[in-house]
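Computed from the coordinates by the stated procedures, all read-outs in this text should not be read as laboratory data. Note that this is a predicted model, so its numbers are computed, not measured. Cβ placement follows ideal geometry from the backbone for every residue including glycine, while neighbour counts extend to all protein chains displayed.
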Amino acid sequence: MKPASLFLADGTRFDGAGLDFEGVALGEAVFYTGMTGYEEALTDPSYAGQILTFTYPMIGNYGISHAAAQYPRACVAGTVIKQLSEHPSHHASAIGLGEWLSEQRIPTMTGADTRSITIALREHGTIWAALAIGEDALGRAEAELAAFARDATTKGLVPSVATKEEHRAGKARGPRVVVIDCGVKRAVLRELEALDAAITVVPFDTSAEHILNHDPRAIVVSPGPGDPTDLRGTIDTLTELLGRRPIFGICLGHQLLALACGGKTYKLPYGHRGGNQPVKNLEGGEVIVTAHNHGYAVDSSSLPEQLIPTMINLNDGTNEGFRHRDLPVAAVQFHPEASPGPFDARRLFAQWFDEVGLL
């Protein structure tokens with residue numbers, strides 16, 4: 001094990017021990033509250049550019065299967081763990097978490113006081129940070145963090161994880177659905193294919209004209225990392241597509257659709273991350289437990305009259321969904337594909353397909 005430290009931009013420092021890969025990870029320090037689902041979280045494109053602290057004390061006890069991965073590689077900038085399980089026990093485990101993180105070249109600190117880190121982030125909110133592994137990295141981390149924090153933005157995050165070229169996904173031969181990829185997870189594509197959708201995935205900066213050339217029956221705007229206002233071109237494209245095809249937005253897609261319809265978004269103090277967020281359906285009254293991973297939210301008070309709020313977060317009252325009064329447009333802030341997380345919301349894909357006539 002190597003010396004390791006997490007440096008927050010406010011001067012706070014937390015020490016621990018590092019895994020084999022040495023280096024400095026720079027990004028936003030955030031925490032994840034799930035007890036399981038670490039493979040899904042570490043490979044979730046929405047975590048791009050973030051240093052992820054796991055609040056659950058032991059991580060890695062069932063190893064890495066590769067089957068649960070949401071992306072071909074780890075997407076986090078770095079990770080912090082209190083106790084790393086060195087001897088995973090699960091029939092599907094292909095490699096230990098620690099070995100996999102080193103293979104993925106992800107700076108990782110173990111033995112950390114993750115409770116104190118979580119409390120610090122709850123008090124301060126999401127903050128720029130540096131995670132340093134090894135003596136050389138420790139010697140330069142604070143200077144690199146200071147330089148990074150002066151000019152840091154989220155503008156490069158979506159391009160770092162979104163597809164560069166359009167492609168087909170799955171083997172279904174049903175209605176054509178175009179997925180605008182802002183950092184799509186495999187689970188989203190899996191759920192669409194399960195509904196027999198013939199999927200075409202296009203880059204986030206694809207024009208409305210090109211999307212319509214595919215003659216899709218519907219359009220899905222994927223989750224992804226960063227500030228939705230970074231994607232001005234995608235917002236303009238969605239504005240152009242409104243009323244021309246049914247559109248469904250997920251997480252970042254929810255925020256982008258709200259902006260395209262004239263709403264506003266804002267940065268949350270520390271974001272929602274984990275698989276235990278209670279959401280109330282304002283139209284039916286039921287409460288579902290949902291998976292979240294986002295640092296920004298839709299401002300409910302800014303929603304134009306044509307957008308009807310459909311769901312709220314019971315922890316803090318933030319908007320969790322809306323639908324258009326006249327057009328086949330809807331969106332949810334959480335992850336109905338539930339990877340990682342509970343299965344309560346998976347039915348929303350089929351429900352929306354039914355509403356727009358795809359089933």
Using the alpha carbon gyration tensor of segment 1-129, what are the three equivalent-ellipsoid semi-axes (square root of 5 times each eigenvalue), largest first, in whole Å? 22, 15, 14
Express as a percent, rounded to the nearest 5, the fraction of DSSP beta bridges in the chain (both residues included) that run antiparallel. 60 percent
Here the relative contact order (percent) of segment 158-355, from C-alpha pairs under 8 Å and at least 6 apart, is 18 percent
Using just the helices of the chain, give the 222 nm mean residue ellipticity in deg cm²/dmol: DSSP H runs with n ≥ 4 each add -39,500 (n - 2.57), and the total is spread over all residues, rounded to 500. -7000 deg cm²/dmol
Taking every DSSP bridge whose two residues both lie in segment 2-152, the antiparallel percent to the nearest 5 is 65 percent
Would you please give the FRET efficiency between Arg73 and Arg115, computed as 1/(1 + (r/R0)^6) with r the Cβ-Cβ distance and R0 = 35 Å, to the nearest 0.05? 0.75
The chain: relative contact order from alpha carbon pairs under 8 Å, six or more residues apart, as a whole percent, is 15 percent
Loop only by DSSP, 10 or fewer other Cβ within 10 Å of the Cβ. Give me the trypsin sites (Lys or Arg not before Pro) in segment 162-201 that pass, ordered by residue number. Lys164, Lys171, Arg173
Of Ala143, Ala25, Ala260, which has the largest mean-square fluctuation in a 10 Å C-alpha GNM of the chain? Ala143
Could you work out which residue, out of Gln255, Gln333, Gln83, moves most in a Gaussian network model of the chain, that is, has the largest mean-square fluctuation with Cα springs under 10 Å? Gln83
How much length is gained if the chain between Asn315 and Lys164 is pulled fully straight, taking 0.36 nm per residue apart and subtracting their Cα-Cα distance, in nm to one decimal? 50.7 nm
With 0.36 nm assigned to each residue of separation and the Cα-Cα distance removed, Thr153 to Asp136 gains 3.5 nm
What ranking do 16-24, 103-111, 48-56, 246-254 get when scored by the average of other Cβ atoms within 10 Å per residue, highest first? 246-254, 48-56, 103-111, 16-24
Quick check: residue separation of Asp20 and Asp299 times 0.36 nm, minus the Cα distance between them. What number comes out in nm? 96.1 nm
Computed over segment 207-291: relative contact order in percent, which uses C-alpha pairs under 8 Å that are six or more apart: 25 percent
Considering only DSSP states other than H, G, I, E and B, which GluC sites (Glu not before Pro) in segment 35-90 qualify as loop sites with at most 15 other Cβ atoms within 10 Å? Glu86
Filter the GluC sites (Glu not before Pro) in segment 235-305 down to the DSSP loop ones having no more than 14 other Cβ atoms within 10 Å, then list what survives. Glu283, Glu286, Glu305
Among Gly139, Gly125, Gly170, determine the one that fluctuates most according to a GNM of the chain built with springs between C-alpha atoms less than 10 Å apart. Gly139
Any chance you could give the angle, 0 to 90 degrees and rounded to 10, that helix 135-151 forms with the longest Cα principal axis of the chain? 40 degrees
